[in-house]
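First comes the structure, then the notes that go with it.
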Amino acid sequence: MNFSELVKFRQSVRAYKHDKIEPEKILKCIEAARLAPSACNSQPWRFIIIDKHELKNKIAQTTANRFIPLNHFTNQAPVHIVIVNEGSNFTASLGNKIKNKKYSLYDIGIAAEHFCLQAADEGLGTCILGWFDEKKLKKLLKIPNNKRPELIITLGYPNEKLRKKKRKKIEKIISYNEY
């Protein structure tokens with residue numbers, strides 16, 4: 001696939017086959033994320049690969065809520081990737097304070113999308129999740145109190161057909177030289 005085809009192909013998958021994912025494909029996705037750019041090259045991420053079935057199901061439970069019907073598909077995905085914010089280096093931290101921005105969040109978002117694009121190129125599906133019980137997740141994965149899990153990516157072979165993407169028309173999202 002060329003890049004344009006890959007971007008058109010990649011979408012959030014919410015139905016997965018139970019097929020095992022080859023470890024080398026997971027590592028290719030991690031490598032793509034590792035190579036993502038970051039503010040001041042701080043690389044503020046750590047990737048936790050959850051491939052043990054019982055633990056993965058416990059992680060899936062942190063993403064769902066019986067009162068709000070979100071993420072009930074997550075237990076289908078054979079692998080979950082948790083991205084932990086390791087914090088910015090000194091230079092990026094200084095920029096955070098001066099500009100009142102959290103550059104590590106941008107960096108983690110870029111790395112997550114690199115991961116997802118590589119996964120799509122490998123024939124895998126992904127869904128990036130920000131909705132989860134952080135306290136329970138940290139306890140399950142023994143994440144230190146001073147670190148924060150920012151995203152979970154579900155990973156597996158899609159068990160659904162490619163949907164037509166619904167996006168705003170380009171004229172609605174761009175302007176030239178002023179708002």
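Considering the conditions (1) surrounded by 13 or more Cβ atoms within 10 Å (Cβ to Cβ); (2) more than 17 Å from TRP131 (Cβ to Cβ); (3) not β-branched (Val, Ile, Thr), ALA64 is excluded by exactly one of them, (2).
So which of GLN43, GLN61 ends up being assigned to a loop (DSSP other than H, G, I, E, B) and of a type in the set (S, T, N, Q)? Give the derivation first.
Working: GLN61 fails: assigned to a loop (DSSP other than H, G, I, E, B).
The conditions single out GLN43.
Reported count of residues in the range 1-20, each being in contact with a helix residue (DSSP H, G or I) (Cβ under 9 Å, 6 or more places away or on another chain) and assigned to a loop (DSSP other than H, G, I, E, B), is 7.
Selection of first residues in the range 38-53 that are surrounded by fewer than 17 Cβ atoms within 10 Å (Cβ to Cβ) and of second residues that are part of a loop (DSSP other than H, G, I, E, B), restricted to Cβ pairs under 6 Å at least 6 apart or on distinct chains, gives the following pairs, ordered by first then second residue: CYS40/ASN89; ARG46/GLU86. The single residue among GLU86, GLU54 that is of a type in the set (Asp, Glu) and farther than 20 Å from GLY130 by Cα turns out to be GLU54.
Output the residue which, of all residues in the range 138-174 that are part of a helix (DSSP H, G or I) and in contact (Cβ under 8 Å) with a residue 60 or more places away in the chain, is nearest to ILE50 (Cα to Cα).
Per the stated criteria, the residue is LEU141.
For (1) out of contact with any Gly (no Cβ under 6 Å at 6 or more places or on another chain); (2) free of Cβ contacts under 8 Å to residues at least 24 places away in the same chain; (3) not in a helix (DSSP H, G or I), each residue gets a yes or a no:
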site	(1), (2), (3)
THR91	yes, no, no
LYS97	yes, yes, no
LYS101	yes, yes, yes
ASP107	yes, no, no
ALA112	yes, no, no
PHE115	yes, no, no
GLN118	yes, no, no
GLY123	yes, no, yes
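Here the range 85-116 is the region considered, the condition is being farther than 30 Å from TYR157 by Cα and among the hydroxyl-bearing types (Ser, Thr, Tyr), and the residue that is surrounded by the fewest Cβ atoms within 10 Å (Cβ to Cβ) is THR91.
Hey, among the residues in the range 127-177 that are basic (Lys, Arg) and within 22 Å of ILE68 (Cα to Cα), which one's surrounded by the fewest Cβ atoms within 10 Å (Cβ to Cβ)? In this case the residue turns out to be LYS135. Among (1) assigned to a loop (DSSP other than H, G, I, E, B); (2) buried (at least 19 other Cβ atoms within 10 Å of the Cβ); (3) within 15 Å of the chain's Cα centre (by Cα), where does VAL82 come up short? Answer for VAL82: the failing condition is (1).
Values in this text are rule-based calculations from the coordinates and carry no lab data. Keep in mind the model is a prediction, meaning the values are calculated, not measured. Positions of Cβ are backbone-derived with ideal geometry, glycine not excepted, and every protein chain shown enters the neighbour counts.
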